[in-house]
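Throughout, read-outs are computed from the coordinates displayed, never taken from laboratory work. If you're wondering where the values come from, they're calculated on a predicted model, not measured in any experiment. All Cβ positions, even for glycine, are placed from backbone atoms using ideal geometry, and neighbour counts span all protein chains on display.
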Amino acid sequence: NACMSCTEAAPCPDMAKSTLSNHFRILREAGLIRTSKQGVQHRNVLREEDINARFPKLLKLILSFPD
């Protein structure tokens with residue numbers, strides 16, 4: 001699993017930090033990501049195994065959609 005900071009995972013480079021924080025809080029509360037603190041950065045990792053156990057093939061389906 002790739003581990004990224006909030007700013008690395010941002011879909012838009014100019015997105016407000018407060019907006020990012022809110023999105024990551026929602027993902028964390030939904031159990032979709034795990035966040036750890038490394039120095040001053042918060043690192044996020046997708047809880048892929050947990051998601052696949054609860055919703056088999058969901059991530060594969062979502063990630064297979066064209067842009």
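Odds and ends about this structure:
- Degrees between helix 17-29 axis and first principal axis of the chain (Cα, 0 to 90, nearest 10): 40 degrees
- A straight Cα-to-Cα reach below 25 Å connects Lys37 with the lysines Lys17, residues fewer than 8 places away in its own chain not being considered.
- Answer label for semi-axes √(5λ) of the Cα gyration tensor in Å (calculated), chosen among [x] 22, 15, 11; [y] 20, 13, 10; [z] 57, 13, 6: [x]
- The 3J(HN,Hα) values that the Karplus relation (6.51, -1.76, 1.60; θ = phi - 60°) gives for segment 48-58 are, in residue order, 4, 4, 5, 5, 5, 5, 7, 10, x, 6, 4 Hz. Gly and Pro appear as x.
- Positive-end residue, the chain charge dipole about Cα centroid, Cβ charges, pick of Val40, Leu20, Ser5: Val40
- Dipole magnitude of the chain, debye to nearest 20 (Cβ charges: Lys/Arg +1, Asp/Glu -1, about Cα centre): 240 debye
- Summary value for the chain: 32 percent relative contact order, contacts being C-alpha pairs under 8 angstrom separated by 6+ residues.
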